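All of the numbers you see were taken from the coordinates with simple rules; none came from a lab. Please read these numbers as outputs of a predicted model, since none were measured by experiment. Reconstructed Cβ throughout: ideal geometry from the backbone, glycine too, with neighbour counts over all protein chains shown.
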Ligand code: C2E
Ligand code: CA
Ligand code: CA
Ligand code: CA
């Protein structure tokens, strides 16, 4: 039919061919990037709002491409997910972030928690908890200083998710739901999941003073978290007014440009671990 022809034509436009080619190229580059040491981590502080004390840091992945320069995770994470590359890559992130955290503890800084993003494919690995447990034992890092961030979409298969989360809780790591409010979660089932923390998505926090719906969402999530005895962290805190609002709601922790952008390890050590916030 004409409609089908239309689809075929669109599928073969030069632009789309180029995009596919470009993607393939990026995928190939991604495959070699680990061996070539093109990845590094940046860390963003997580601050207790009542005291302004540093309580944690989120490790975020960066790719320094030899020709393209810095490639955004928004661009390469989806490709890494599709190709399965995210599994070895995510493992590298977890190991690097945990080693760094242990190194800082060894240097005598007050221990804080490191948050690492888990992709769906990583989360689905049946031996994930065992592998993490073994690694943490090997480097001597207490599991309570490791936080795994998953998203609501990963908990769609209730039973599988529950089992996997239970295994992870059993080894003693902390579990957070990232980007909370943007996905699907039945409240009943949230109540029964072995999780520790909700991270309120940046989209609600960023417009919390301009948009009364966002204010209602943030305050509802925060109060629900209190009732369920979960920690609650606001993402994307960019100014003092948002901070005041969040404090009024008794939101426990904040993360965002107001405190700091994600920064490299050395800078994080200088600016946060050594500073008065410490
Ligand atoms: P995310 O996990 O929600 O991470 C928070 C993102 O928000 C980060 O973007 C961070 O730089 C940004 N951000 C933090 N505070 C503010 C703020 O105040 N204002 C604004 N406008 N942005 C803020 P980034 O580093 O570009 O990462 C984007 C996404 O890529 C992450 O979102 C996460 O989903 C994914 N990602 C990053 N590193 C990893 C990783 O190691 N593994 C996996 N699976 N995904 C990762
Ligand atoms: Ca995250
Ligand atoms: Ca997030
Ligand atoms: Ca996000």
Distance (nanometres) between label positions extended 7 Å along Cα→Cβ at residue 258 and residue 50: 1.8
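Quick one: compute the contact order of the chain, relative version, from alpha carbon pairs under 8 angstrom and 6+ residues apart, as a percent.
Details: 409 pairs, mean separation 50.6, N = 278.
Computed over the chain, the figure is 18 percent.
Segment 179-278: Rg/Rh from Cα coordinates, Kirkwood Rh?
Values: Rg = 14.7 Å, Rh = 14.4 Å.
My calculation of the ratio gives 1.02.
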Between helix 158-171 and the chain: long-axis angle, C-alpha atoms, 0 to 90°, nearest 10: 50
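Roughly what % antiparallel, to the nearest 5, for the DSSP beta bridges in the chain? Display every interim value, and only then the final one.
On the way: 17 of 39 bridges.
The answer is about 45 percent antiparallel.
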Angle between the chain longest axis and helix 73-83 axis [Cα atoms, degrees, rounded to 10]: 60
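Taking 25 Å as R0, compute the FRET efficiency from the Cβ-Cβ separation of residue 196 and residue 109 and round it to 0.05.
Values: r = 23 Å, r/R0 = 0.90.
The formula returns an efficiency of 0.65 here.
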Choice from 38, 253, 58 showing the highest fluctuation, given a GNM over the chain with Cα pairs closer than 10 Å: 38
Fewest-first ranking of 86, 79, using other Cβ atoms within 10 Å as the exposure measure: 79, 86
Simple label model, 7 Å out from Cα along Cβ direction - residue 38 to residue 74, nm: 2.1
Computed label-point distance, nm, for sites residue 189 and residue 131 using a 7 Å Cα→Cβ extension: 2.5
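Which order results if 42, 218 are arranged by neighbouring Cβ count within 10 Å, fewest first? Write out the running numbers ahead of the final one.
Numbers: 42 17, 218 24.
The most exposed by this proxy come first: 42, 218.
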Neighbour-count ranking [beta-carbon atoms within 10 angstrom, fewest first] of 67, 199, 21, 102: 67, 21, 102, 199
Alpha-carbon centroids, segment 202-278 and segment 67-119: separation in whole Å: 21
Coarse-grained scattering of the chain at q = 0.08, 0.12 Å⁻¹, given as base-10 log I(q)/I(0) from a Debye sum over alpha-carbon atoms: -0.38, -0.82
Residue among 254, 181, 84 with the largest mean-square fluctuation in a Gaussian network model of the chain, springs linking Cα atoms under 10 Å: 84
Using alpha-carbon coordinates, inclination of helix 86-106 to the longest axis of the chain, degrees: 30
Segment 127-235: C-alpha gyration tensor shape, a/c 1.5 cut-off, then a/b vs b/c: prolate
Relative contact order for segment 113-244, counting Cα pairs under 8 Å that sit 6 or more residues apart, in percent: 20
Estimated [θ] at 222 nm from DSSP helical runs (n ≥ 4, -39500 (n - 2.57)) normalised by residues in the chain, nearest 500: -14500 deg cm²/dmol
GNM flexibility winner over the chain from 20, 234, 161 (Cα, springs under 10 Å): 20
Mean separation of Cα contacts under 8 Å (6+ apart) over length of segment 40-117, as relative contact order %: 32
